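The values are calculated or read from the model by the stated rules, or taken from the named source; none is laboratory data. Note that the structure is predicted; figures quoted are calculated from it, not measured. Counting neighbours? That spans all protein chains shown, and the Cβs are built from the backbone with ideal geometry, glycine included.
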Amino acid sequence: MVRFNRVIIAGNLVRDPEVRFLPSGTSVTNFTVAVNHTFRQNDDVREEVSYFDVVVFGRQGENCAEYLSKGRAVLVEGRLRQRRWETNDGQRRSKVEIVAQNVQFLGSPRSEGREEEPVVEPIVDETEEDIPF
């Protein structure tokens, strides 16, 4: 049986990280990263944004909460995890998130009045219709 679950993304935080603590005392930090994808379709350059929820455990997560803020560029390495639950009214829900094993802070911290440079991705020519889904 083959098992491989690894993801790497680079983007910008859409809000400040939030820290909470489990009953065991372990800290859990959550934040969301926006990743822009620019592509060419016919003669138009288009852009789409994907948002990824990230979970970081322990001291690394506490460092994220202390030093990261909305707009900051990061590179996140980790694995995908799907959580499933049922709401109080019986609806089934699920969510896929990244459980980070390594978070690298990119660029420099934001200064007052200075905008953070977005992470730039190369333009991909998607004029061919060979999308597998």
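Here C64 meets the list (1) within 15 Å of the chain's Cα centre (by Cα); (2) over 13 Å from A100 (Cβ atoms) almost entirely, failing just condition (2). Among the residues in the range 105-117, are any modelled with pLDDT under 95, more than 30 Å from S24 (Cβ to Cβ) and surrounded by 16 or more Cβ atoms within 10 Å (Cβ to Cβ)? Yes - at least one qualifying residue is present in the range 105-117.
The criterion of at least 2 residues that are in contact (Cβ under 8 Å) with a residue 12 or more places away in the chain and more than 22 Å from K95 (Cα to Cα) is met, among strands (runs of 3 or more DSSP E) falling completely within the range 1-84, by 27-41. Considering R6, R15, the condition of being surrounded by fewer than 10 Cβ atoms within 10 Å (Cβ to Cβ) and at pLDDT 95 or above is satisfied by R6 alone. Of the residues in the range 63-76, none is of a type in the set (D, E, K, R) and over 15 Å from L13 (Cα atoms).
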